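Comments concern the structure below.
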Amino acid sequence: MKSFCAITFFFFTFGLFSVGAQVSPDCSNAIPICRNTPINGGTNGYGLDDFGGNDKTGCLEKTLFGAIESNSAWYRFKTGEAGQFGFNISFDTEEDWDFALYKTSDCSSLADPVRCNFYDNSDSSSFIGVGEDPTGAINVQYEDWLTVEAGEEYYLLINNFSNVNSGFSIQFSGQIFVDFPSTALDCSIISNLLGPPIAACGGDTVRLDATTQNAISYTWYKDNGFGFTEIIGENNATLDVVTDAIYRVEVASVTANVLISDVQVVFSVMPTTSTLTNVVLCEEALPFNLAIKNSEALGTQPSKDFIISYHSSAIDAINNVASLPMQYEPNSGVQTVYVRTTSLVNSSCFDVSEEFQLTVTETPLATAETEVFLCEGATSTIIGETNTNPNYMYQWSSGETTSFLEVFSEGTYNLRITNTQGGQTCENNIEINVFVGQTPIITDVLVEDLQANNTVTIVTTFEDDFEYQLDTSEFQDSNVFTNIAAGAHTVTVQDKNGCGTVTENIVVVGFDNYFSPNGDNVNDSWKIEGMSSLNDPMVVIFDRYGKLLKQLVGNQSWDGTYMGKILPESDYWFKLSYKNYKGDRVVAKYVNNHFTLKR
């Protein structure tokens, strides 16, 4: 949606002389405007209801006054070229203005507007419009750019909702006015011998040309607000003027007809930009608010009459394109910022004579770990910046001036890194905490056999910054694993801070905690489930005195007898062994190794 904004010209601003005020509250009498046309922008009521009592048009809604319009001004224009099109409506920040733009050549068929904005001015913005706020501000009172074709006709309604009226001005903007500054708008909609009203800059000379075929005399008049008076001695077809006024020419022809034509000419003050001081700042101070340089650029000139914009090149400042955002974040180093001071009355009146240097000193980049662990058994560790930057200065709180430091005990260490360029010193202060880290130790692995959902919980000697792994799965923060298949597994505990790893082999199998061999065919024998998942498994069963009672292999079960003799009700113990991947027989650890025989 966003594109660079090229301000090409203004219609009127606040406070023009009152003669020939270019305002119409009704669409049917909309003021035709084109290139370089000044307009007395102000509103006082809405004349006829252009919307016939409707409740809304686009985003504009009926107010408490009973109509969509409150205090309205209507303008019409015709595009002469194709391209990106926008406009800016400027007003007092304490006032609330709205607009709607209609693509039509007939007020009786306005339809819905192609662009419309009805936000209140709670942010005290000084512009509304289509495209981008020329101050670089993010402004919800702006609608998207419009793409136009040559020959399209538009009507623009500007409505003062606040009933406080200091007037307004309009700027056209967009690439169409950069590529076609003279023909972007079609001036043929204004039929006048002397052409449309003219906005010029102070110090310019405007030539009015009334050349007419078969003319025999020209008489020029001037109206400063008190009526027309003849300009003695001016009888040529052209008149050069340098002051504000409405000018009139009377052309007498050989047919004795007299042609009368009037034109309004407004001269805007040409701004001047004061010298700006250079800026040097640290990278961490970004973004830099360019707006703080506005008062310096304006000097004693009133801020309400001018717009200050900033650019990265002189040509951008001249063309008023690609203005820098007010919250500006340049790269480190030195760059030139070009300043443009533009008249709010007429953007053709501008000054780009000044610039200033903006130097951004890089804030030292720190890559050092702020938490370092001195692992159990280690006598020292290295902290700080191992990659020394020769442009930086390093200072430890303990007095050393190296970028890194060997430490032998836990504690807090402070490192100050400074970078000095162009008289500006930028620094980065780092606090590094050294902790003693311990190697993890597994004290138990709890296997909860639920047949369909076996759970394994890893228990360590102490809680620390550990992570846990089952077989080759990803490490996790939790020490609990669920949905574990029966069989041999490997559990690993790893210190996140690099202070060691411990691995244990475990077996996940299931068995009943008791059995009752009483001949009722319910739980009459005891066995270990999941043995088939192990390589050459073997279970040996003992009594409490360590006497071997039974050896089970494969998927065998025990009926509670010894050499055919029924054993009494009691607790019995067992050991489970199997062959590991090396072929060595190992005893399964962490298996709950006793059960109960009940009679």
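The values are calculated or read from the model by the stated rules, or taken from the named source; none is laboratory data. Since we're looking at a predicted model, the values are computed, not measured. Neighbour counts are summed over all protein chains in view; Cβ atoms, including those assigned to glycine, are modelled from backbone coordinates with ideal geometry. Remember, those area values only see protein heavy atoms, side chains included, never the ligands or the DNA or RNA. Shrake-Rupley method; radii C 1.70, N 1.55, O 1.52, S 1.80 Å.
Brief remarks follow.
- Within region 564-579, not a single residue is within 30 Å of Q438 (Cα to Cα), open to solvent by 50 Å² or more (accessible area, probe 1.4 Å) and free of Cβ contacts under 8 Å to residues at least 24 places away in the same chain.
- Single residue of region 282-309 satisfying the filter (in a strand (DSSP E or B) and free of Cβ contacts under 8 Å to residues at least 40 places away in the same chain) that is farthest from P325 (Cα to Cα): F306
- All of D204, D123 fail the test of being more than 30 Å from S261 (Cβ to Cβ), among the acidic types (D, E) and either in contact (Cβ under 8 Å) with a residue 24 or more places away in the chain or out of contact with any strand residue (DSSP E or B) (no Cβ under 7 Å at 6 or more places or on another chain) (or both), apart from D123.
- In region 88-110, the condition of being of a type in the set (F, W, Y), touching a helix residue (DSSP H, G or I) at 6+ places or on another chain (Cβ under 7 Å), within 16 Å of E153 (Cβ to Cβ) and crowded, with 17+ Cβ neighbours inside 10 Å is met by no residue.
- Exclusive hit being surrounded by fewer than 22 Cβ atoms within 10 Å (Cβ to Cβ), at pLDDT below 75 and over 27 Å from N224 (Cα atoms), set K2, K56, K62: K2
- When we screen V266, V279, V321 for residues that are over 25 Å from the mean Cα position of the chain (by Cα), in contact (Cβ under 8 Å) with a residue 60 or more places away in the chain, open to solvent by less than 30 Å² (accessible area, probe 1.4 Å) and under 24 Å from N88 (Cβ atoms), the only hit is V266.
- Within region 113-142, restricting attention to residues that are modelled with pLDDT of 95 or more and open to solvent by 40 Å² or more (accessible area, probe 1.4 Å), the residue that is nearest to T43 (Cα to Cα) is R115.
- Meets criteria (closer than 20 Å to V23 by Cα, open to solvent by 60 Å² or more (accessible area, probe 1.4 Å) and touching a residue at least 24 places away in the same chain (Cβ under 8 Å)) for S188: yes
- Selection over region 476-500 of residues that are over 18 Å from P440 (Cβ atoms), outside any loop (DSSP other than H, G, I, E, B) and open to solvent by 20 Å² or more (accessible area, probe 1.4 Å) gives a count of 3.
- Odd one out for N235 among (1) touching a Phe, Trp or Tyr at 6+ places or on another chain (Cβ under 8 Å); (2) within 30 Å of Q301 (Cα to Cα): (2)
- Hey, F373 hydrophobic (A, V, I, L, M, F, W, C), open to solvent by 80 Å² or more (accessible area, probe 1.4 Å) and either modelled with pLDDT under 90 or under 17 Å from N429 (Cβ atoms) (or both) or not: no
- Only a single criterion out of (1) open to solvent by less than 30 Å² (accessible area, probe 1.4 Å); (2) without any contact (Cβ under 8 Å) to a residue 24 or more places away in the chain is not satisfied by T472, namely (1).
- Here region 537-561 is the region considered, the condition is being closer than 18 Å to S516 by Cβ and polar (S, T, N, Q), and the residue that is most open to solvent (accessible area, probe 1.4 Å) is S557.
- Flag if T412 is of a type in the set (S, T, N, Q), part of a strand (DSSP E or B), buried (at least 20 other Cβ atoms within 10 Å of the Cβ) and in contact with a strand residue (DSSP E or B) (Cβ under 6 Å, 6 or more places away or on another chain): no
- Once region 24-46 is narrowed to residues that are farther than 14 Å from Q264 by Cα and open to solvent by 50 Å² or more (accessible area, probe 1.4 Å), the residue that is modelled with the highest pLDDT is S28.
- Among the residues making up region 222-239, those that are open to solvent by 80 Å² or more (accessible area, probe 1.4 Å) and either closer than 21 Å to S191 by Cα or part of a strand (DSSP E or B) (or both) are T229, E230.
- Residue match in region 147-158 (condition: within 25 Å of I318 (Cα to Cα) and open to solvent by 60 Å² or more (accessible area, probe 1.4 Å)): yes
- Meets criteria (part of a loop (DSSP other than H, G, I, E, B), surrounded by 14 or more Cβ atoms within 10 Å (Cβ to Cβ) and free of Cβ contacts under 8 Å to residues at least 24 places away in the same chain) for E400: yes
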